[in-house]
Amino acid sequence: MSVSTDLYNKLAPYYRKYSEKNALYLEKVNKLVCEWLPNTPFSMIDLGTGDGVRIQKIISQHDPSPDPIVLVDNSEEMIDLAKNIQFSHICQQDFSLEGFHLEQKFDIVCCLWNVLGHIDGTNLKQALLNMKNLLKDNGSIILDINNRQNIKQYGKHALLNIWKDLLFSTPQNGDIFFRMQSDKLVIPSFVHLFSKKEIEFYFKQAGLSIKERIYINYKTGQREKLSYCGQLFYVLGKNDRL
């Protein structure tokens, strides 16, 4: 069992309440996702879906609804919660592994709230390749990640990260070990925070091109003009030149 799987198995009963702490940010991302959903029949998969409640809320605000809608997570406890979501297919798999494969292709591939930051760095490129392989030729990958150079959110730590990225750039620069707390539960946790340059390098390696890039304030949910002021929201497509 991976560290992230163990984390989300323990967090599952408290996940709804934990996510409410960032409601303004999550709601803004939800609206941006809806803007990219087709107005004609389409298929959709949500990778790292958690309890599935969020993606259900997103599709409930859009017409037509996706058919099918597939929910994927590697946490057994989260999958048990996601089974309560109607009109969806549930898949307990780790999409960052080389052996991950689904026959179907999708118009929309979602991977939200820094799911990529919980993937082991050695598997990140494979995860992006798997996402690309799930995508129809004209489809879109929609994701957002936490930006370690986000000064408005991380303050002096972000300034230190910028300095480290300039002078001592390593794949481990964004690795964060912390204690996640929800109610009385405290869970030793790990996450990777990306820089804009870093994640866009991985996109290019995986043969993905950027359709849209938006910076979002993590506290207010407002759009920001500079990458140093927000988290990173992307819409990606296949790069036909690769």
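The values are calculated or read from the model by the stated rules, or taken from the named source; none is laboratory data. Quantities reported herein were computed from a predicted structural model and do not represent experimental measurements. Because the Cβ atoms are built from the backbone with ideal geometry, glycine has one as well, and the counts that use them run over all protein chains shown. Please note that ligands, DNA and RNA were not included when accessible areas were found on the heavy atoms of the full protein model with its side chains. Shrake-Rupley method; radii C 1.70, N 1.55, O 1.52, S 1.80 Å.
General remarks:
- Scan of the range 24-68 for residues that are of a type in the set (Asp, Glu) and over 16 Å from the mean Cα position of the chain (by Cα), ordered by number: Glu35, Asp63, Asp67
- Subset of the range 197-220 [charged (D, E, K, R) and farther than 21 Å from Leu26 by Cβ]: Lys197, Glu198, Glu200, Lys204, Lys211
- Residue within the range 204-211 that is open to solvent by 60 Å² or more (accessible area, probe 1.4 Å) and of a type in the set (A, V, I, L, M) present: yes
- Exactly one residue among Thr170, Thr122 is exposed (fewer than 12 other Cβ atoms within 10 Å of the Cβ) and within 19 Å of the chain's Cα centre (by Cα), and that residue is Thr122.
- Test result for Gly99, of a type in the set (Gly, Ala, Ser), out of contact with any Gly (no Cβ under 9 Å at 6 or more places or on another chain) and at positive phi: no
- Of all residue pairs spaced 6 or more apart or on separate chains, those with beta-carbon atoms under 6 Å, a first member in the range 189-202 that is on the phi < 0 side of the Ramachandran plot and part of a strand (DSSP E or B) and a second member that is open to solvent by 40 Å² or more (accessible area, probe 1.4 Å) and hydrophobic (A, V, I, L, M, F, W, C) are Ser189/Phe178; Phe190/Val3; Phe190/Phe177; Val191/Ile176.
- Within the range 96-109, restricting attention to residues that are assigned to a loop (DSSP other than H, G, I, E, B) and among the hydrophobic types (A, V, I, L, M, F, W, C), the residue that is surrounded by the most Cβ atoms within 10 Å (Cβ to Cβ) is Phe100.
- Flag if Arg223 is of a type outside the set (S, T, N, Q) and modelled with pLDDT of 95 or more: yes
- Selection count, the range 35-53, where residues are surrounded by fewer than 21 Cβ atoms within 10 Å (Cβ to Cβ) and within 21 Å of Arg16 (Cα to Cα): 1
- Strands (runs of 3 or more DSSP E) lying entirely in the range 1-95 (those with 1 or more residues that are in contact with a Pro (Cβ under 8 Å, 6 or more places away or on another chain)): 44-47, 89-92
- Selection of first residues in the range 94-106 that are within 12 Å of Leu128 (Cα to Cα) and of second residues that are assigned to a loop (DSSP other than H, G, I, E, B), restricted to Cβ pairs under 6 Å at least 6 apart or on distinct chains, gives the following pairs, ordered by first then second residue: Ser96/Ile119; Phe100/Gln93.
- Of the listed requirements (1) open to solvent by less than 50 Å² (accessible area, probe 1.4 Å); (2) over 15 Å from the mean Cα position of the chain (by Cα), Asp6 misses just one: (1).
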